[in-house]
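The block underneath contains the structure these notes are about, expressed in structure tokens.
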Amino acid sequence: MKKIIASNFKTNHTRKSTREFIDTITQYMDDESIKNDVYIFPPTTALDQFNINENLNIGVQNAYNVKNGSFTGEIGTEQLDEFGIKTILIGHSERRHVIGESQKDIALKYNYFKSLGYKIIYCVGEPLEVKEEGLTSTLGYIFEQFDGIDLDYENLVIAYEPVWAIGTGISATIEDIATIHKKLKKKITAPLLYGGSVKLCGLQDILEIDNVDGVLVGTASWDKDDFKKMIYIGSKTGSINEKIDCKN
Ligand code: PGA
């Protein structure tokens, strides 16, 4: 397999628990000589200098498209540079639909961080009412989320995260994921992750779908022992025949 495994903490974990989490994962990856790419997106208040190995990337869930200035409540690249952060999530559904970022805002942000060479995990996905209209509407909606986005950017990873699956406990079916990923892969060459209620028990099945290069996980990744198991599954080549100890 050798898949990308990413954890989005969202508004969870403290400075202390983030450090414990990152130290545990670093140690685990060192001990097991894990070589696939792992990402952790802690809350910005927990950013710090971490002693991590080369396959572990710490990123931000959001930042403003500016170096510094008068943008109350935002952080810019001057603050990120302090912690050596060069990875950012852009276009996450919670920023689009809860915070209200428009495609124009998102494209501006994308182009700013692209110009600085950041690794960008760019998220797309349709709400339930669009999914219910069928595949053509779903793809049309997703393709509009590529407006203003350079899909040939070399440091790009895309995450397909249907809005109705995020934080709901209802993951997309294997068929849904396979269908959308196949269509998206006709348009993009960047690695393509799936996200939306990915759980430890179902992880291997998702990672085995054609055109799935990894996962972006929220809720189920916040427990460090479960996240270690996710990394383990993603680090293997081929199927794992052993039983992974998981509760859901
Ligand atoms: P979830 O979140 O795994 O809790 O659904 C995924 C995400 O928002 O990236």
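Readers should treat all values here as calculations from the given coordinates under stated rules, not as data from a laboratory. These numbers were taken from a predicted model, which means no experiment stands behind them. So basically every Cβ, Gly included, is an ideal-geometry build from the backbone, and we count neighbours across all protein chains shown.
Inside region 196-248, residues that are hydroxyl-bearing (Ser, Thr, Tyr), on the phi < 0 side of the Ramachandran plot and within 11 Å of the ligand (Cβ to nearest atom) make up a count of 2.
Considering region 77-131, the residues that are among the β-branched types (Val, Ile, Thr) and exposed (fewer than 13 other Cβ atoms within 10 Å of the Cβ) include one that is nearest to the ligand (Cβ to nearest atom), namely 98. Of the listed requirements (1) in a helix (DSSP H, G or I); (2) farther than 22 Å from residue 60 by Cα; (3) under 16 Å from the mean Cα position of the chain (by Cα); (4) small (Gly, Ala, Ser), residue 220 misses just one: (2). Among the residues of region 155-177, is there at least one that is closer than 22 Å to residue 21 by Cα, under 14 Å from the mean Cα position of the chain (by Cα), surrounded by fewer than 23 Cβ atoms within 10 Å (Cβ to Cβ) and touching a residue at least 40 places away in the same chain (Cβ under 8 Å)? Yes: one or more hits.
The set of residues in region 40-57 that are more than 16 Å from the ligand (Cβ to nearest atom) and touching a residue at least 24 places away in the same chain (Cβ under 8 Å) comprises 44, 45, 46, 47, 48, 49, 50, 51, 52, 53, 55, 56. Look at (1) of a type outside the set (Lys, Arg); (2) within 16 Å of the ligand (Cβ to nearest atom); (3) touching a strand residue (DSSP E or B) at 6+ places or on another chain (Cβ under 9 Å) and you find that residue 141 fails only one, number (2).
If you scan region 159-171, which residues turn out to be in contact with an Asp or Glu (Cβ under 9 Å, 6 or more places away or on another chain) and more than 9 Å from the ligand (Cβ to nearest atom)? Scanning region 159-171 gives 162, 163, 164. Taking the criterion of being surrounded by 21 or more Cβ atoms within 10 Å (Cβ to Cβ), more than 16 Å from the ligand (Cβ to nearest atom) and polar (S, T, N, Q), the only residue of region 1-39 that qualifies is 18.
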